[in-house]
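Below: one structure, written as C-alpha cells.
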Amino acid sequence: MSGHRQRVRLHRYGLCHGLPLDLPAITSGSSQGAPGLKLSIRTKVLLVAVLLLTIPYVGYQFVREMENYLRDGLEQSVLGAAQALAGALHDRPDLNLKSPPRSTQTAYDGGIYAHPLPRDMQIDGYVEDWGGHLGRLESLGGDAHAPRARFVAGKRGSYLYLLVMVKDESIVYRGLPVRVRPTSDYVKLVTVTAGGERRAYFFHTISPGWITVYVLADGEAAGLHQESRIRAEWRETGDGYLVEARIPLALLGPRVGIEVGDVDDPSGTVEPFRLSTSGAGPVTEPGPLVLPSESIEALIKSLGRTPGRRIWVVDNEQRVLARGGSLERQTEPVPVNPLFALVLRPPPAEMFEEQPIIARFSGPEVRAALAGRATSRWRTTRHPDTYVVSAAYPVWSDADIVGAVVVEETNLGIQMVRREALANLFNKTLIVGFFGALALVVFATRISVRLRRLRNEAAAAIDAHGRVVGTLSASRAGDEIDDLARDFSAMMERLREYNHYLEQLARRLSHELRTPITVVRTSLDAMELDQPGVDRGPYLARARDGLHRLDTIISRMSEAAHLEQALQDSEPERFDLAEVVAGSLESYRSVWPRQSFQYQAPDEPCPMDGMPDLVVQMLDKLVANAVDFASPDTPIEVSVARRAGALVLEVRNQGPPLPEEMTDKLFQSMVSIRDDKGPGDPHLGLGLYIVRLIAEAHGARALAFNLEGQAGVGMQIVFPEAAG
C-alpha cells in the first residue's frame, strides 16, 4: 500500500523520542502572567456584582411601561366618561344644546355669554366683586385691539349681572324730562322675547350713582316707562365711566344686544356715536343670550364626582353650556427613603388649577368632536411632570352635531402609583443589592481561600529538583475546584510515575546498550590477542551481531520520530478494514510459517476513514506482540466486528496473562514486561506505544485485557465507523 499518499492529525503534544508523548512540555517562564492589571477574584466578583445595578434599571423601565399602560387606561377612561355623558345628551331638545342661528344681516356673532358667578354681586359700581371675570371683558364694536367699550355678563340664580366699561373723555348726563331719543351718554340693552317682541332698556342718568332704568317696548304708545325690577349703578372712572346692573332673567328673551351711545352735543342735533354687539353702530339684531344650563349641570352632578376630573359641555359654537367637577385633587405624601427623594421630585401635595373663566372652550379635541370624531390629547400644567388628559365626544341631535362633551383629568393618581412603585423598588433594591453583594463577597472569599490553599499545596508538593514529595488534601465540596484538586492529584501521580520512568530510562538504555557494546569490545580484544593465521571469522560474526543489536536499538528508538513525519504527511482515505486485515494475515503466515492464525470478519464491508498503511503498521505491532507471548502450538486469533456504530479490531493470543497493574500502562512509552536477557533482538517497549499513537490518530481507543476463562491476552482497537 506504499502507493497511497497518507495524512493524519498530529498529536497535540508532538512526538519526542524516548519521552511519554501524553504529557505537555513545561516551558520556562510559563508561570509568569501577562503584564497588566492584576485583580483578585473578590475584586472581579465585586465588579460582576455591579450587574445588580441592572435590577433597578429594569425595574424602572417596567414602572415606566406600567405608567404608559396607566396613562392609556386613564385616556380610555376619560374618553369613556365623555361618551357616557354624550349618550345621555343625545336627542334632548329640551336641553337647548343647539345654538340659535347667526344673524343674517352681519357675520358678526353678537352673542352674549353669561358666565356662572360664584356668589351674588354687590351692585355698587365697584368691580372688585367681579374678580377674574375682569379678564374676560369683551369689546363692543368689533375692535378688540383698542376698544372704547367693553362688557362682561354673568348669571347667578335668576339674575343676569352686567358690567359695561366705557372710555369717554367728556361724559354727558341726561336732563329732564326723559326723552325717547337720548341726548346724553347711555347704555342700552336690547332684547327680543320668544314671542318676537323687541324691548330696549336704557341706562342713563342725571349724575353718577343709582340709575333709574327706562324701558321702551314695540307697540307701546306711552313711550318710556320705568323698570323698577332692574337695579343699576353708574360710576365715573379715570378714563370714562362704568355701568353695573342686575337684571331679572324674566325680563329678557333668548336674544340680547348691548349698545353704548356717546353724545357730545346735548342739543340732540347730532347723532350719537354708537358701539354695540352688532358692530360699529346700533344694535341691528340682538345675538343669542347663552346661559349656563342648570339641567345639564344637574345631569353632570348625577354622574358622581371623581377627584381630579372636570367636565365641560359646549354647543356647536364652542360656547360653554355647563361645567362640573374640578382638577383639584389632594394627595397624601408617601414616606420614601431620603436618598430616593433626591432622585425623584415628589408630586404636588394638591393639584390646584383655578377654574378657568371662559366663554368658549376651544382646542383640537373640541374641533375634532364637533366634526364628528371622538379624540383626546394631553397638555401640561404648571406642576412639573403633571399633565391633564382631555377627551371630547360629539353630541348628536338626529343627524346634526349640536355640541360636545369634554372630560379632563390629571395624571396625579398615576404619579402617586409610579412614585410608590419606584420607592418600593428603590428600597428593595437597596436591601437585595446589599445582601447580594455581601453574599458574593463571602462566596468569592471562600473560593479565594480554597484556591490559595490549593496553590500552596501544589507548590509544596514538588521540590526544587522537580521531584514530587507531597500530596494534595482531599475536598468534599463536589464543585469545579474539587475537580481541579483531583486533576492536580492525578497529575502529581503521573509526574511521580514520569520521574520514576526517567530514573529507570538510563538503567534500561544502559542495559540494552551494554550487551552489544561488550560483544563488539570482546571480539575486537580477541582479534587483537590472536596470533596471525588464526581464523577471525567468529570474532567478526560476533562483532557484526553486536553492531546489529545497536542498529536495532537505534532504529526502534527513532521509529517514533519517523511516525511523526508519517502522521504529518498522511492523508485519510476510505477503505475496508476487513479487507486490509485479511491481506495482512497472508503476509504474516509467510513471515511466521510455524504460527497458526485464525481470522473472523463480517460478510458485509467494514468501511472507515484513515490511513491503511498505518493501520497495517499498527496490526504488525499487535501480531508481533501476540506471536512473542503466544504459547506453543496455539493460534493467534484476529477478528474484525461491527458493534454499535464502531469497528472493533481484536488480536488474541493464549499465554501468560498481564499483571493487573500493567493493563493501564502497557501502551505507554518504553514500558515492557519482556525478559530481555536472551540473545534475540532487544525490546524497548515502544511497539504498543506506537499502536496507541496510530489508534489516537484515527480517533480510536487501544485496550488490553486478560481473557476470561483461559490464560491469554487480548488487544482491542475500537475505530469509529465511516459515516455515509
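The values are calculated or read from the model by the stated rules, or taken from the named source; none is laboratory data. Computed from a predicted structure; not experimentally measured. Here the Cβ is made from the backbone with ideal geometry for all residues, glycine too, and neighbour counts use every protein chain on show.
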Which is under 23 Å from residue 141 (Cβ atoms) and touching a helix residue (DSSP H, G or I) at 6+ places or on another chain (Cβ under 8 Å), of 191, 205, 277, 237?
191
Somewhere in the stretch 195-216, is a residue in a loop (DSSP other than H, G, I, E, B), modelled with pLDDT under 90 and out of contact with any strand residue (DSSP E or B) (no Cβ under 7 Å at 6 or more places or on another chain)?
yes
If the requirement is being at pLDDT below 75, of a type in the set (Ser, Thr, Tyr) and not in a loop (DSSP other than H, G, I, E, B), which of these qualifies: 510, 448?
510
Condition met for residue 392 (in contact with a helix residue (DSSP H, G or I) (Cβ under 7 Å, 6 or more places away or on another chain), small (Gly, Ala, Ser) and modelled with pLDDT of 85 or more)
yes
Show the residue pairs that are 6+ apart or on different chains and have beta-carbon atoms under 9 Å apart, the first residue being within the stretch 62-86 and within 22 Å of residue 401 (Cβ to Cβ), the second being of a type in the set (D, E, K, R).
78/309; 78/408; 78/409; 81/309; 81/409
Go through the residues of the stretch 168-178 one by one and say whether even a single one is closer than 26 Å to residue 356 by Cα and outside any helix (DSSP H, G or I).
no
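Residue-wise test of (1) surrounded by 14 or more Cβ atoms within 10 Å (Cβ to Cβ); (2) assigned by TED's automatic domain parsing to the domain that holds residue 276; (3) over 19 Å from residue 121 (Cβ atoms); (4) among the hydroxyl-bearing types (Ser, Thr, Tyr).
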residue	(1), (2), (3), (4)
199	yes, yes, yes, no
209	no, yes, no, no
212	yes, yes, yes, yes
216	yes, yes, yes, no
223	no, yes, yes, no
226	no, yes, yes, no
229	no, yes, no, no
239	no, yes, yes, no
243	yes, yes, no, no
Specify the residue that is surrounded by the most Cβ atoms within 10 Å (Cβ to Cβ); the eligible residues are those in the stretch 139-167 that are assigned to a strand (DSSP E or B) and free of Cβ contacts under 8 Å to residues at least 40 places away in the same chain.
152
Might you check whether a residue that is at pLDDT 75 or above, hydroxyl-bearing (Ser, Thr, Tyr), in the same structural domain as residue 611 (by TED's automatic domain parsing) and not in a loop (DSSP other than H, G, I, E, B) occurs anywhere in the stretch 687-698?
yes
When you look at residue 249, is it at pLDDT 90 or above, surrounded by fewer than 23 Cβ atoms within 10 Å (Cβ to Cβ) and of a type outside the set (Phe, Trp, Tyr), yes or no?
yes
Consider residue 355 against the criteria (1) surrounded by fewer than 20 Cβ atoms within 10 Å (Cβ to Cβ); (2) of a type outside the set (Val, Ile, Thr); (3) within 23 Å of residue 77 (Cα to Cα); (4) modelled with pLDDT of 85 or more: it satisfies all of them except one. Which criterion is unmet?
(4)
Mind listing whichever residues of the stretch 225-256 are free of Cβ contacts under 8 Å to residues at least 24 places away in the same chain and within 21 Å of residue 199 (Cα to Cα)?
225, 226, 228, 229
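For every residue, the table says whether it meets (1) buried (at least 19 other Cβ atoms within 10 Å of the Cβ); (2) within 22 Å of residue 711 (Cβ to Cβ); (3) modelled with pLDDT of 90 or more.
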site	(1), (2), (3)
586	no, no, no
589	no, no, no
597	no, yes, yes
610	yes, no, no
614	yes, no, no
620	no, no, no
624	no, yes, no
629	no, yes, no
652	yes, yes, yes
Quick one: count up the residues across the stretch 474-498 that are exposed (fewer than 15 other Cβ atoms within 10 Å of the Cβ) and closer than 16 Å to residue 446 by Cβ.
5
Name the residues in the stretch 458-496 that are among the charged types (D, E, K, R), in a helix (DSSP H, G or I) and under 46 Å from the mean Cα position of the chain (by Cα), would you?
480, 482, 483, 486, 487
Candidate set from the stretch 311-343 (those that are touching a strand residue (DSSP E or B) at 6+ places or on another chain (Cβ under 7 Å) and of a type in the set (D, E, K, R)); member that is modelled with the lowest pLDDT:
329
Any idea how many residues of the stretch 167-220 are touching an Asp or Glu at 6+ places or on another chain (Cβ under 8 Å) and of a type in the set (Lys, Arg)?
4
What's the total number of residues in the stretch 709-724 that are farther than 15 Å from residue 615 by Cα and modelled with pLDDT of 85 or more?
3
Report, by residue number, each residue of the stretch 608-631 that is part of a strand (DSSP E or B) and in contact with a strand residue (DSSP E or B) (Cβ under 6 Å, 6 or more places away or on another chain).
608, 609
Selection over the stretch 371-387 where residues are modelled with pLDDT of 90 or more and at negative phi yields a count of 7
